[in-house]
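Here it is: the structure, laid out below.
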Amino acid sequence: MTFGFAPSAASSITTADSVTRLARMLEPSEWAAAGIPLLRSPREVVSGLHSRHRPTPATAVLAVLDHEERLAASASFAPRAAPVDGWEFRNALLAHLRRVIPHDLRRRTPVRTAVLLYCRDGDERWTEEDGAWMWGLRDACTLHGLRCGAYITLTRGGWQVLGEGRGGRRPNSESAPEDLAETVSDSAASPLRSGGGAVEALRRVAAR
């Protein structure tokens, strides 16, 4: 006769939920291999969104850019406190996309691109939360007929385009927003931090 404890139904459900949530996130290598288009002027985009929305930690800024990388629409929001889950993030992003811009599902090829700037605590290294946002952004873009664009983190150390290695020290999560008129001249004058090979690989994608 053997004695033991069978796992409870509640613990089995919790384990299954955890596995499912892990499946709804993207690793940096998966993101880099997904053909995400490069931003031509990432510092200008980041500075512009920072000036418009003044994000604080735990704030997401969603932007839609036209084919010339001009801002067509944007929205900022703080996701509700819940376990990190790409499905929840996808639903939040999709809801805000539907509020600020019509879908492009009738187009054969997406023309507009959605990018996401997420202001958070910590450093620039990838986290599971970042992976869930990446999954959510990609899925929301598909459902709204948009091209999936860059995922950018904004921390105390600066901003970072994940999967590319490009970034800069300003703006950051603690810096004061600049005037919109100044962001263009600053982006032209200041060099970008570069991650080397990852940038070159994605630059070929952007040239298509």
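The values are calculated or read from the model by the stated rules, or taken from the named source; none is laboratory data. Computed from a predicted model, the values in this text were never measured in an experiment. Heads up, the Cβs are rebuilt from the backbone with ideal geometry, glycines too, and the neighbour counts pull from every protein chain shown. Quick note on the areas: whole protein, heavy atoms, side chains included, nothing else; ligands and nucleic acids left out. Shrake-Rupley method; radii C 1.70, N 1.55, O 1.52, S 1.80 Å.
Can you give me the distance in nm between label points at residue 56 and residue 77, each placed 7 Å from the Cα along the Cα-to-Cβ direction?
1.9 nm
On to the next question. How high is the FRET efficiency between residue 98 and residue 29 when r is their beta carbon distance and R₀ equals 30 Å, given to the nearest 0.05? Don't skip to the answer; put the middle values down first.
Values: r = 31 Å, r/R0 = 1.03.
Calculated value: 0.45.
Rounded if a/c is under 1.5, else prolate if a/b beats b/c, else oblate: with a ≥ b ≥ c from the C-alpha gyration tensor eigenvalues square-rooted, which is the range 32-101? Intermediate results must be reported in sequence, preceding the final value.
Working: a/c = 1.62, a/b = 1.36, b/c = 1.20.
Verdict is prolate for the range 32-101.
Separate question: How much length, in nm to one decimal, is gained on full extension between residue 178 and residue 87, taken as 0.36 nm per residue of separation minus their Cα-Cα distance? Spell out each step's value before the answer.
On the way: separation 91, 0.36 × 91 = 32.76 nm, distance 3.38 nm.
So the chain would gain 29.4 nm between residue 178 and residue 87.
Here is a follow-up. Label points 7 Å out from Cα along the Cβ direction at residue 108 and residue 127: separation in nm?
Distance between label points: 4.4 nm.
Under the rule a/c < 1.5 gives rounded, and otherwise a/b versus b/c splits prolate from oblate, where does the range 43-192 land using the Cα gyration tensor? Spell out each step's value before the answer.
On the way: a/c = 1.74, a/b = 1.21, b/c = 1.44.
Since a/c reaches 1.5 but b/c is at least a/b, the shape of the range 43-192 is classed as oblate.
Here's a follow-up. Report in % the part of the accessible area of the range 50-168 that belongs to carbon and sulfur, leaving out ligands and nucleic acids; probe 1.4 Å.
On the way: 2520 of 5340 Å².
Carbon and sulfur together cover 47 percent of it.
For the range 93-109, just list the computed ³J(HN,Hα) in residue order, Karplus coefficients 6.51, -1.76 and 1.60, θ = phi - 60°, integers in Hz, with x standing in for Gly and Pro.
3J(HN,Hα) across the range 93-109, in whole Hz: 5, 5, 4, 6, 4, 5, 7, 9, 7, x, 6, 10, 5, 7, 6, 5, 10.
Would you mind working out the magnitude of the charge dipole of the range 50-152 relative to its Cα centre, with +1 at each Lys and Arg C-beta and -1 at each Asp and Glu C-beta, to the nearest 20 Debye?
Details: 15 positive and 13 negative charges, 122 e Å.
Approximately 580 debye in magnitude.
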